[in-house]
Each structure stands twice: as structure tokens, then as C-alpha cells.
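Below: the structure, in C-alpha cells.
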Amino acid sequence: MTKADFKGHSRLVRFSLVAGLGLIALILSATAFFNTGHASQGQGEYVITGQLVDTQGQPVQEAQISAKLPGAEEPLVQVDSQEDGSWALILPRVPQNELLIEISRPHFASQTVALRSQQANELATADTYNFGTITLERRITAGFWVSTVVFLAILLLIAFETLHSTTAALAGASLIFLVSYVGGALNPGLFIFGFDRGISYINWEVIFLVMGMMILIAIVEGTGVFQWTAFQAYRLSRGRSWLLVLILMGVTATASAMLDNFTTMLLMTPISLQIGIAIGISPLALIIPEVLASNVGGITTLIGTPTNILIGAFAGIGFNDFLINQTVGVILALAAMAGFVLYHYRDEFRKQSGGISPRLYETLAENAEIEDAQALWKSGAVFLLVLLGFILGEKVHLVPAVPALAGATALLIWLNPDVHKMITAVDWTTLVFFMALFIVVGAIQEVGLLSFIAGGMSRMIGENLPLGTFVIVFGVGTVSMAIANIPLTASMLPIVKFLSTTIPGANSKVLYYALSMGAAMGGNGLLIGGEANLVTAGITRQTDTPISFAEFLKVGLPVTYLTLAVGFLWLLIRF
């Protein structure tokens, strides 16, 4: 490098250094300028806040809050209340005169509060003023009556099987939206809620949890493990019918704790029909006790019944919570049920004193062969990991839908089954039913029907927690005999939530467990009380020994109130 080149290079370095320092100074100056501007802008902001609740102290969201000067048509500023009922109006300056805060929301009486001179002075001094809690009164509109009639009509259509439950729920959701948009345009009182608000009532955690478990069950079912279990039950009983029915009840209750009752009975009913005929007793002496056990056994876990899935997602009750707080009560209820079943069918069981039928043994053994041992152990491993995810996931606030979806996806990748077949195995009819039902129940919650019911129950129960538990267990249990327990549970959840905040000691979530027991055990009362009951009756209708309404009633009704009493006593002891 020559001397001239060196000088040129030095000048370039100095120029770069000066330019870099200048750029840094420019950035620092700009930052200071913007910070100063922001600070001066912040000094000109005045905030008025508050919180909206209904007469039961529950937060009111999506209410419109406007700040207006007296006589003005257009608001200075307008906001909506948040999920917890809070709101904040930001003003550029303190009003010289009185400022009116107008609050409006469909299905509530509009309310106006004034920011007067003394409050304005406080706002000017502290840059903020809090109106505190403002209570909004419910208003019964035409939309209230439409939502109520639609909900009751859906319950009747489902109870009397006039329409398929999914069709009835879809019809209800569609009608509510049509009335809101078309009727609401003609008469504002007919407005119930908009589409976005209606969709917000759908609990997507429930939808994805059920979907994931359906895929898992479809894969496990294909391994033949359930047929193998039935064969082992017959082998252990040595053909003694009284022991066989106890084993089958135990197997059904355990399976129902891991699978849904619908699937459990689809698997158990054909096998029980075959066993009953072969050993010379009425298959109903095996099948009806299995149905009763499936409805009760599912209460043990979060995934055991659709109602538990609804309750768990709504109240934040996890897999471990159900297992710890319900298992002992369920076992006691099953023991009481078993005693009644043995007494009721004592003459039937005496027809067969024991001994294995070689022909039946051979048939069951042949059907019990595991079709794909490799798929079985892979499915079993993933299923155990999913259960582990349910148990341990609560510590990191992992919602149960995530392990269920992850497990289903892992098996689809690992076993690589026919994806179209697996997706078809998902009961989309049930999922659509859930979604439409959430919207319909959301409508009666939106218009305040559930609030009025909750208020009435609260006045009746007062602060008596045992009485509240009794009313939920036996009240829901009785109603769920005739009304499908899924819509009943969905409609009761907001009511139980309110009662849990007003009754001392109910923050232990005991009322949610009472709802779980009442809804599931009540399904045993009548043949129309549960989906598993109807599915089983449908299968037996194709045989020489169909389940009649009267036959089911003779066993189901006493068992219902017997198990409800045991469940209630357990909740008193536990909580």
C-alpha cells in the first residue's frame, strides 16, 4: 500500500466513524423526541372506568358504553365491556360541564350515569375516575320468549324422538339466528344475538376432545381386545350366571370410564346376547345390568360420559379431580346396584347353576383372537400416554383436548390405517349436535332465562350446602330420566356456576359433582333417559328378546334412586 493509498484509507475510516456516530446521535435524538411526544400525549389522556354486573353479580360483557355531552347526538367516545365486565373510556380532556355515561345492551334495561363537577375535578387531579360496580337489570323481551319456546320444543322433540336429536338442535339454532336477524330488523325486541356471539358459546375444547377420543377408540376397537375381554369374563365365571353378570357389569363400568357409553354398549350387547342364549337364561338379565353399569361407571373419569366432558371444560375440573372425588361414590353405587340386580333376577339366575358350555366356549375363544397384536400394543401404549397426559397435564394447565388429539394423530401416523375409514368412524352427527346445542343453550343464557332459574333456586336453597347438593342430585336425576342428559347438563352449568358462588362452601365444586352424578345416574330411570339405553334397545329389537319400556322401568327406576341416594351420601362425606 502506497502512502497516498494509506491516507485515502485513513480518511475513509474517519468518515465512516463520524457518519456512524452521527447516525447513533440521530437515532437517540429521534427516540427522545418520540418518547417526549408520547409522554406529552399521555398527559392529555383522562380515563373513566367501571365494571358491569347483572343482579346476580355475574359480569356483563359486550355492553356498549358511550360518553356524551348533554343534548349531543354523537358520543365523544364509545367502547364495549370486556369478558369480566370491565370498561374504560379515554377522553382527551376533562369536560367542562356534566358528562353522561350511557350503558346499553340487548336484554338489559339501558342505564345512564353522570360525571358531575366534583367527579370531574377528581378526574382532572388523578387522570382517572372509577364508577365502581354498576348493576344492570334484566329485561324480558320478545326474544326471551322465542328462545325459551325454542329450547323447550327441542327438549320435547328429542325426548319423544319426533326428530333426530341433531336435526332438532340444528333446527333450533337456525331458528334463533333467523329470528335474530330477520325478526330483529322488524322488531328490535326479537333480537337474541348475532352470529359471532352465538358461535362464541360453542365450547371447542369439548368438540376436539370428543373427536380425538373417537378416533382413538375406533383404532383400539379394530384390534379385537373387547371380544377377548368378554371371553375372559365367561371363562372366569365358569358359567355361573350370577357371577358372570357381576363380572360383565364390572367390565362394562370400567370400559365406560375410558370410552363413551354408546361405544361400550355397541361392543358388549351382541356378545351378551350370545352368552345369555347359550347358557339358557334371558339375555336381558345380562344386558340391562350392563346398561345401568355403563351409565354409572362413566362418572368416574373426565372422558367417561359426554356430560362429564361438558362439566370438566366449563368448570375447569380435570381428569384427576373426577377420579379422586367420584370413584369411591361410583364403586359404592355399583355395589348397591349389583345387590339389587342379583335380587331382581334371582329366579333367572337359578336356571343355570354353572358349568361351561363347550360350544359357547369354542365360539367365544375363536372370536377372542387378537386380529393384530402389533396394532394392539401400539394402541395400548398410546392410550396409556394419553391417560398420562390427562393426569399430568393438569399441572401445566394442558387442556384434555390436546393429549386426545395428539394421541389420535400419533396412532394415525404410527399405524397408518385408512385415514378415510378412521375419519368416517368419528361420529360427526354427535359433534354437530354438540355445536348446535351449545348455540341453543347460549340463547337462553343470553336472554336471561337461566339467570331467573338460578335466582329462584338460590332463594329456595339459601346458604344450605347439603340442601343444594340434594336438589341438584335428585332434581337433575329425576328430570334426566325423560330429558336427554346432554342438553340438560349444558343448560344447568351456568345455574350451578351461580349457586357455587352464593352458597358458602360450594367453591369446592361439589355442586358440579352433584350435577355429574344426577345427570348420569338419572339416565337409568327410563329407556329414553340415555343414548346407551336407546342404542342397546335398538340392537335387542332385532332379536327374540327386545328390551321393552316396562321391563327396563322395573329395574332402572329403583336402581336410579338407589344410586342417587348413595351418590348424595358420598358427596356429603367427601365434601
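Run residue 125 past the list (1) open to solvent by 40 Å² or more (accessible area, probe 1.4 Å); (2) part of a strand (DSSP E or B) and report the number of the one that doesn't hold.
(2)
If you scan the stretch 307-344, which residues turn out to be of a type outside the set (A, V, I, L, M, F, W, C) and either farther than 23 Å from residue 553 by Cα or touching a Ser or Thr at 6+ places or on another chain (Cβ under 8 Å) (or both)?
Filtering the stretch 307-344 for residues of a type outside the set (A, V, I, L, M, F, W, C) gives 307-308, 312, 316, 318, 320-321, 325-327, 329, 339, 343-344.
Scanning the stretch 307-344 gives 307, 308, 312, 316, 318, 320, 321, 325, 326, 327, 329.
Go through the stretch 461-488 and give me each residue that's within 19 Å of the chain's Cα centre (by Cα) and over 12 Å from residue 523 (Cα atoms).
Across the stretch 461-488, the qualifying residues are 472, 473, 487.
How many of the residues in the stretch 271-297 are modelled with pLDDT under 90 and in a helix (DSSP H, G or I)?
Total satisfying the criteria: 9.
Name the residues in the stretch 159-184 that are open to solvent by 80 Å² or more (accessible area, probe 1.4 Å) and among the β-branched types (Val, Ile, Thr), would you?
Within the stretch 159-184, 162, 182 meet the criteria.
Do any residues in the stretch 67-78 that are more than 11 Å from residue 115 (Cβ to Cβ) and open to solvent by 70 Å² or more (accessible area, probe 1.4 Å) have Cβ atoms under 9 Å from those of residues that are assigned to a strand (DSSP E or B) and among the β-branched types (Val, Ile, Thr), where the two are at least six apart or on different chains, and which pairs are they?
78/65
So, in the stretch 408-422, of the ones that are over 28 Å from the mean Cα position of the chain (by Cα) and not aliphatic (A, V, I, L, M), which residue ends up farthest from residue 374 (Cα to Cα)?
Residues of the stretch 408-422 over 28 Å from the mean Cα position of the chain (by Cα): 413-418.
Remaining after also requiring not aliphatic (A, V, I, L, M): 414, 416-418.
Values: 414: 11, 416: 13, 417: 13, 418: 16 Å.
Only one residue fits best here, namely 418.
If you go through the stretch 516-555 one residue at a time, how many are assigned to a helix (DSSP H, G or I), closer than 10 Å to residue 295 by Cα and at pLDDT below 90?
3
Table: residues versus (1) of a type in the set (Phe, Trp, Tyr); (2) open to solvent by less than 10 Å² (accessible area, probe 1.4 Å); (3) over 30 Å from residue 407 (Cα atoms).
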position	(1), (2), (3)
139	no, no, yes
186	no, no, yes
192	no, yes, yes
199	no, no, no
204	yes, no, no
212	no, yes, no
223	no, yes, no
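Being closer than 28 Å to residue 428 by Cα and at pLDDT 90 or above is true for just one of 210, 179. Which residue is that?
Working: 210 fails: at pLDDT 90 or above.
One residue alone meets the criteria, 179.
Do you know which residues across the stretch 409-424 are crowded, with 19+ Cβ neighbours inside 10 Å and out of contact with any Ser or Thr (no Cβ under 8 Å at 6 or more places or on another chain)? Please lay out each step first, then the result.
Keep residues of the stretch 409-424 that are crowded, with 19+ Cβ neighbours inside 10 Å, which gives 411, 422.
Within the stretch 409-424, just 422 meets the criteria.
Residues are listed down the side, and each one gets a yes or a no for (1) in a loop (DSSP other than H, G, I, E, B); (2) surrounded by fewer than 20 Cβ atoms within 10 Å (Cβ to Cβ):
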position	(1), (2)
303	yes, no
307	no, no
313	no, no
322	no, no
327	no, yes
331	no, yes
341	no, no
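Which condition from (1) polar (S, T, N, Q); (2) out of contact with any Gly (no Cβ under 9 Å at 6 or more places or on another chain); (3) modelled with pLDDT of 90 or more is the one that residue 409 breaks?
Of everything listed in (1) polar (S, T, N, Q); (2) out of contact with any Gly (no Cβ under 9 Å at 6 or more places or on another chain); (3) modelled with pLDDT of 90 or more, residue 409 misses just condition (2).
So in the stretch 524-559, with the set limited to residues that are among the polar types (S, T, N, Q) and open to solvent by 10 Å² or more (accessible area, probe 1.4 Å), which one is nearest to the chain's Cα centre (by Cα)?
Kept after step one, since they are among the polar types (S, T, N, Q), are these residues of the stretch 524-559: 524, 533, 536, 540, 542-543, 545, 548.
This time we only want the ones that are open to solvent by 10 Å² or more (accessible area, probe 1.4 Å), so: 542-543, 545, 548.
Details: 542: 34, 543: 36, 545: 36, 548: 32 Å.
Among those residues, the one meeting the criterion is 548.
May I ask you to list the residues in the stretch 560-575 that are within 20 Å of residue 343 (Cβ to Cβ), β-branched (Val, Ile, Thr) and open to solvent by 10 Å² or more (accessible area, probe 1.4 Å)?
Scanning the stretch 560-575 gives a single hit, 566.
Anything in the stretch 262-294 that is within 20 Å of residue 558 (Cβ to Cβ) and open to solvent by 10 Å² or more (accessible area, probe 1.4 Å)? List them, or say none.
Looking only at the stretch 262-294, we keep the residues that are within 20 Å of residue 558 (Cβ to Cβ), and these are 282, 284-294.
Once the filter is applied, which keeps residues that are within 20 Å of residue 558 (Cβ to Cβ) and open to solvent by 10 Å² or more (accessible area, probe 1.4 Å), the stretch 262-294 yields 282, 284.
Please indicate, with yes or no, whether at least one residue in the stretch 232-246 is of a type outside the set (Phe, Trp, Tyr), within 10 Å of residue 290 (Cβ to Cβ) and surrounded by 19 or more Cβ atoms within 10 Å (Cβ to Cβ). Walk me through it before giving the result.
Going residue by residue through the stretch 232-246, those that are of a type outside the set (Phe, Trp, Tyr) are 232-233, 235-241, 243-246.
Next cut, within 10 Å of residue 290 (Cβ to Cβ) only: 245.
Restricting the remaining residues to those that are surrounded by 19 or more Cβ atoms within 10 Å (Cβ to Cβ) gives 245.
The answer is yes; a qualifying residue exists.
With 163, 178, 209 as the choices, which residue is of a type outside the set (Ser, Thr, Tyr) and either in contact (Cβ under 8 Å) with a residue 12 or more places away in the chain or closer than 20 Å to residue 448 by Cβ (or both)? Don't jump to the end; show me each part of the working.
Values: 163 fails: either in contact (Cβ under 8 Å) with a residue 12 or more places away in the chain or closer than 20 Å to residue 448 by Cβ (or both); 178 fails: either in contact (Cβ under 8 Å) with a residue 12 or more places away in the chain or closer than 20 Å to residue 448 by Cβ (or both).
Only one candidate qualifies: 209.
Please give the number of the condition residue 229 fails out of (1) open to solvent by 10 Å² or more (accessible area, probe 1.4 Å); (2) modelled with pLDDT of 80 or more; (3) hydroxyl-bearing (Ser, Thr, Tyr).
Going through (1) open to solvent by 10 Å² or more (accessible area, probe 1.4 Å); (2) modelled with pLDDT of 80 or more; (3) hydroxyl-bearing (Ser, Thr, Tyr) one by one, residue 229 breaks only (2).
What are the residues in the stretch 343-384 that are at pLDDT 85 or above and either over 30 Å from residue 564 (Cα atoms) or surrounded by 12 or more Cβ atoms within 10 Å (Cβ to Cβ) (or both), if any?
We begin by selecting, within the stretch 343-384, every residue at pLDDT 85 or above; these are 343-349, 377-384.
Those that are at pLDDT 85 or above and either over 30 Å from residue 564 (Cα atoms) or surrounded by 12 or more Cβ atoms within 10 Å (Cβ to Cβ) (or both): 344, 345, 348, 349, 377, 378, 379, 380, 381, 382, 383, 384.
Identify all residues within the stretch 451-506 that are surrounded by fewer than 18 Cβ atoms within 10 Å (Cβ to Cβ), hydrophobic (A, V, I, L, M, F, W, C) and assigned to a loop (DSSP other than H, G, I, E, B); write none if there are none.
Within the stretch 451-506, just 482 meets the criteria.
The values are calculated or read from the model by the stated rules, or taken from the named source; none is laboratory data. Keep in mind that this is a model prediction, so the values were computed, not measured. Don't worry about glycine lacking a Cβ; one is built from the backbone with ideal geometry, like all the others, and counts go over all protein chains shown. Side chains are part of the model used for accessible areas, which takes the heavy atoms of the whole protein and leaves out ligands, DNA and RNA. Shrake-Rupley method; radii C 1.70, N 1.55, O 1.52, S 1.80 Å.
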